[in-house]
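So the structure is just underneath, and the comments pick up after that.
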Amino acid sequence: MSRSPPWLTARPIAHRGLHDRARGIIENMPSAINAAVAGNFAIEVDLQPSADGEAMVHHDYALGRLTEGTGELLSLTAEQLKQVAFKNTSDRMMTLGDLCARVGGRVPLVLEIKSRFDGDRRLIARMAEVLASYRGPVAAMSFDPDQVLAVRERMPELTRGIVAERHYTDGEWKRLPPETIHQMTGLRHAFRTQPHFVSYSVNDLPAPAPWIARNVFGCALITWTVRTPEQQAKTFRYADQMTFEGFIPE
């Protein structure tokens, strides 16, 4: 029996919304959300905390890649971040509350909790406050097992997942203690975090840990990030659904 609700895997999940920079539709922006809703796709977005503890819809820890200006998101208030100009679009950064109001329960939301692996759980607290009055289907996930554990403790009824890969060798992981990487590798934290689903790197499938999570413990298995027909075929050979970008699934 699956641990996750059927709505989580019923439709492909648009990675950071259904974005297309060539058409001025930028990731995690209102236009990308609107496009995903129009296509009846579930929506994955990233959440970052602002200086005043608001949950902001944005992937990067700092401004600059998609935006004008510079600075850490954590150094700016929600009101300041909502005024930041983005390249190639007139859209502005949303809060989680803005996102929920825009989607209105029409399609599922999959919220990726970005983490600095420092034990800061303020973003989870703000999520809980916002989602308390939201009636649409929502799941939350993170690479950080501590954030997933915080979701389990603060919002036990919320569908939760772990984002994972087989080998944590990229440069971004080198700053983490070896014990943290050890726990992440092979989903060794799963008895504490008790995820309902696993979001796993499509390029790392097949792999033992997600196979066990899916076939022994009943976790839904979702892939990230699918961009090619080959990756799509691999998804439906080994997993239940995909997080996609760069094309429109049939």
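The values are calculated or read from the model by the stated rules, or taken from the named source; none is laboratory data. Nothing here was measured: the structure is a model prediction, and the numbers come from that model. No Cβ is skipped: glycine too gets one built from the backbone with ideal geometry, and neighbour counts run over all protein chains shown. Each accessible area value is taken on the protein alone, full model and side chains, heavy atoms only, with ligands, DNA and RNA left out. Shrake-Rupley method; radii C 1.70, N 1.55, O 1.52, S 1.80 Å.
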Give me the distance in nm between label points sitting 7 Å out from Cα along the Cα-to-Cβ direction at residue 101 and residue 179, one decimal. 4.4 nm
With viscosity set to 1.002 mPa s at 20 °C, what whole-number translational diffusion coefficient in µm²/s follows for the range 153-194 from Stokes-Einstein and a Kirkwood radius over Cα pairs? 183 µm²/s
Considering only DSSP beta bridges with both partners in the chain, what is the antiparallel share in %, to the nearest 5? 20 percent
Carbon/sulfur fraction of accessible area - the chain, other protein chains in place, 1.4 Å, %: 51 percent
Calculated log₁₀ intensity ratio I(q)/I(0) where the Debye formula runs over C-alpha points of the range 6-244, q = 0.17 Å⁻¹: -1.38
Can you send over the solvent-accessible area of residue 87, 1.4 Å probe, protein chains only, in Å² to the nearest 10? 80 Å²
Given the rule -39500 (n - 2.57) for each run of at least 4 DSSP H residues, summed and divided by the residues of the chain, what is its mean residue ellipticity at 222 nm, to the nearest 500 deg cm²/dmol? -7500 deg cm²/dmol
Take the alpha-carbon centre of the range 223-244, take the same for the range 8-41, and report the distance between them in whole Å. 17 Å
Within straight cross-link reach of residue 114, meaning Cα distance under 14 Å, which aspartates and glutamates are found once same-chain residues fewer than 8 apart are removed? 44, 46, 54, 60, 72, 144, 146, 172
Pair residue 85, residue 216: separation of 7 Å Cα→Cβ label points (nm): 5.5 nm
Which of the chymotrypsin sites (Phe, Trp or Tyr not before Pro) found in the range 1-98 are in a DSSP loop and have at most 13 neighbouring Cβ atoms, other than their own, within 10 Å? 61
I'd like the FRET efficiency for residue 153 and residue 118, computed as 1/(1 + (r/R0)^6) with the beta carbon distance as r and R0 of 30 Å, rounded to 0.05. 0.95
Phi angles of the range 128-142, converted by Karplus (6.51 cos²θ - 1.76 cosθ + 1.60, θ = phi - 60°) into ³J(HN,Hα) in whole Hz with x for Gly and Pro, give 4, 5, 5, 6, 4, 10, 9, 9, x, x, 9, 10, 10, 8, 7
The range 62-73 - phi-based ³J(HN,Hα) in whole Hz, Karplus 6.51/-1.76/1.60, Gly and Pro as x: 9, 6, x, 5, 10, 10, 7, x, 9, x, 6, 4
How much area per residue is accessible in the chain when the probe is 1.4 Å and only protein heavy atoms are counted (Å²)? 45 Å²
